[in-house]
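Colleague: Right, I'll just put the structure down here and ask away after.
Nothing in this text is a laboratory measurement; each read-out follows from the coordinates by a stated rule. All figures in this text were calculated on a predicted structure; none of them were measured in a lab. With ideal geometry, Cβ positions are generated from the backbone for all residues, glycine too; neighbour counts draw on all protein chains shown.
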Amino acid sequence: MSSSIFKIWLDAARPKTLPLAIASIFCGSVLAINHSDFSYHLMIFAIITALLLQILSNLANDYGDAIKGTDSDARLGPKRAIQQGLVTPKLMKKVIVFNAILTIFVGLLLVLSAFNKMTEIMIFIALGGLSILASICYTVGNKPYGYRGLGDLSVLIFFGWLGVGGSFYLQSGVFNLEIFFPATACGLLAVCVLNINNLRDIDNDRACGKMTLIVRIGPKWGRIYHQALLFFSYLFFSVFALLCDGGIYSWLFVLSIPFGIKHGKAVWQSSSPESLRPMMADIIKVALLTNILFIAGILL
């Protein structure tokens, strides 16, 4: 495979979106250390599965938005593979199917390695199937939920509750209500990333009939919503720090708050969708820094 072909598919996988998927698995796995014997191979399987799911979603979005005409020249986000004519829709469909099959295979290895009870195996197989379906149906199909303002909830569920909570259960085998707080916090930070994307592309999405939450509530409320996402993510991390009583190290994540405030202020003062372009990288950095500091605090 030539380097140019490799770059096309690497760009289509959108590698900048992948670290948050890894962070959610790390977070859940680290939280499980105090509850069970830690398993590196389970964490690695979980990370690979999460990466494959995220890549599947990115490829499906490339296909779905292209065939619906949403990826027009008016879109401010990075140009996608089909949009640029680098990949045909037919080839993209084949790669999506291959990715889905690979995800199923790795996901089964993960579930069968983690559990012995048939009930747990069936529940996690069902959750895996739902995750694959959700990754594809965000923009693909006659009624994609991403076009109906449900993308934010999906990101919260899969990057937060399932990513963190699911990996915690895979490692520990126990259900702990306290995990809800960091899981929600991680999920809300991931929603922040989606929100910047949707604020940036609001005009094009509205024109193409992609009724994201931001299209529905408008840019002003979208910016207020962004501040709320940041605030509640730090609040939920704080609640967990209080509940776990892990000492000063459990509060390491607060070191990222100044960067979160700076980013939130920039979003609030932004005057146009175009001005939001550089803020995508900023919120990804804020989200990753917050997650890394939280994980470090748990380990310490």
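Colleague: Looking at Leu162 and the list (1) in contact with a helix residue (DSSP H, G or I) (Cβ under 6 Å, 6 or more places away or on another chain); (2) surrounded by 20 or more Cβ atoms within 10 Å (Cβ to Cβ), which single condition is not satisfied?
Modeller: It is condition (1) that Leu162 fails.
Colleague: Same structure, new question: Looking only at the range 32-50, which residues are under 18 Å from Phe124 (Cβ atoms) and assigned to a helix (DSSP H, G or I)?
Modeller: Within the range 32-50, Ala32, His41, Leu42, Met43, Ile44, Phe45, Ala46, Ile47, Ile48, Thr49, Ala50 qualify.
Colleague: As an exercise: evaluate Leu242 against (1) within 25 Å of Gly151 (Cα to Cα); (2) more than 22 Å from the chain's Cα centre (by Cα); (3) without any contact (Cβ under 8 Å) to a residue 40 or more places away in the chain; (4) assigned to a helix (DSSP H, G or I) and give the number of the one condition it does not meet.
Modeller: (1)
Colleague: For the range 258-270, how many residues are crowded, with 17+ Cβ neighbours inside 10 Å and under 22 Å from the mean Cα position of the chain (by Cα)? Break it down stepwise before answering.
Modeller: Filtering the range 258-270 down to residues crowded, with 17+ Cβ neighbours inside 10 Å leaves 260, 263-264, 267, 270.
Cutting the leftovers down to under 22 Å from the mean Cα position of the chain (by Cα) gives us 260, 263-264, 267.
Here the count works out to 4.
Colleague: Can you spot a residue in the range 142-152 that is among the aliphatic types (A, V, I, L, M), within 18 Å of the chain's Cα centre (by Cα) and part of a helix (DSSP H, G or I)?
Modeller: Start the filter on the range 142-152 by keeping residues that are among the aliphatic types (A, V, I, L, M), which leaves 150.
Subset that is within 18 Å of the chain's Cα centre (by Cα): 150.
From what is left, the residues that are part of a helix (DSSP H, G or I) are none.
No, the range 142-152 has no match at all.
Colleague: Does Asn142 fit the bill of being out of contact with any helix residue (DSSP H, G or I) (no Cβ under 9 Å at 6 or more places or on another chain), surrounded by fewer than 21 Cβ atoms within 10 Å (Cβ to Cβ) and not charged (D, E, K, R)?
Modeller: yes
Colleague: Scan the range 27-44 residue by residue and report those that are touching a Ser or Thr at 6+ places or on another chain (Cβ under 9 Å) and buried (at least 22 other Cβ atoms within 10 Å of the Cβ).
Modeller: Result: Cys27, Gly28, Ser29, Leu31, Ala32.
Colleague: Let me ask something additional. Find the residue count for the range 168-225, including only residues that are in a helix (DSSP H, G or I) and either in contact with a strand residue (DSSP E or B) (Cβ under 9 Å, 6 or more places away or on another chain) or closer than 30 Å to Ser39 by Cβ (or both).
Modeller: Count: 21.
Colleague: Give the residue that is farthest from Leu133 (Cα to Cα), with candidates limited to residues of the range 40-50 that are out of contact with any helix residue (DSSP H, G or I) (no Cβ under 6 Å at 6 or more places or on another chain) and not β-branched (Val, Ile, Thr).
Modeller: Among those that are out of contact with any helix residue (DSSP H, G or I) (no Cβ under 6 Å at 6 or more places or on another chain) and not β-branched (Val, Ile, Thr), it is Tyr40.
Colleague: Quick one: how many residues across the range 70-114 are at negative phi and without any contact (Cβ under 8 Å) to a residue 12 or more places away in the chain?
Modeller: The first filter runs over the range 70-114 and keeps only residues at negative phi, leaving 70-84, 86-114.
This time we only want the ones that are without any contact (Cβ under 8 Å) to a residue 12 or more places away in the chain, so: 73, 79, 84, 88, 90-91, 94, 97-98, 101, 105, 112.
Residues in the range 70-114 being at negative phi and without any contact (Cβ under 8 Å) to a residue 12 or more places away in the chain: 12 in total.
Colleague: Continuing with this model, one more query. If we scan the range 286-300, do we find a residue that is loosely packed, with under 13 Cβ neighbours inside 10 Å, among the hydrophobic types (A, V, I, L, M, F, W, C) and outside any helix (DSSP H, G or I)?
Modeller: We begin by selecting, within the range 286-300, every residue loosely packed, with under 13 Cβ neighbours inside 10 Å; these are 299-300.
After this cut, where a residue has to be among the hydrophobic types (A, V, I, L, M, F, W, C) as well, the list is 299-300.
Going one step further and asking which of them are outside any helix (DSSP H, G or I), we end up with 300.
Yes - at least one qualifying residue is present in the range 286-300.
Colleague: Here is a further query. Which residues, counting only those in the range 66-113, are part of a loop (DSSP other than H, G, I, E, B), of a type in the set (Ser, Thr, Tyr) and surrounded by fewer than 19 Cβ atoms within 10 Å (Cβ to Cβ)? Steps first, answer last, please.
Modeller: Restricting attention to the range 66-113, the residues satisfying the condition of being part of a loop (DSSP other than H, G, I, E, B) are 68-88.
Cutting the leftovers down to of a type in the set (Ser, Thr, Tyr) gives us 70, 72, 88.
Selection gives Ser72, Thr88.
Colleague: Which ones in the range 1-21 are crowded, with 18+ Cβ neighbours inside 10 Å and of a type in the set (A, V, I, L, M, F, W, C)?
Modeller: Listed by number, the residues that qualify are Ala12, Ala13, Leu20, Ala21.
Colleague: Using the structure shown, decide if Leu130 is of a type in the set (A, V, I, L, M), out of contact with any helix residue (DSSP H, G or I) (no Cβ under 6 Å at 6 or more places or on another chain) and buried (at least 17 other Cβ atoms within 10 Å of the Cβ).
Modeller: Numbers: of a type in the set (A, V, I, L, M): yes; out of contact with any helix residue (DSSP H, G or I) (no Cβ under 6 Å at 6 or more places or on another chain): yes; buried (at least 17 other Cβ atoms within 10 Å of the Cβ): no.
So Leu130 does not fit the description; no.
Colleague: Another one. Just checking, how many residues over the range 254-285 are assigned to a loop (DSSP other than H, G, I, E, B) and either without any contact (Cβ under 8 Å) to a residue 24 or more places away in the chain or more than 12 Å from Leu199 (Cβ to Cβ) (or both)?
Modeller: Final tally of qualifying residues: 3.
Colleague: Being free of Cβ contacts under 8 Å to residues at least 60 places away in the same chain and not in a helix (DSSP H, G or I) is the requirement here; does Ile55 meet it?
Modeller: no
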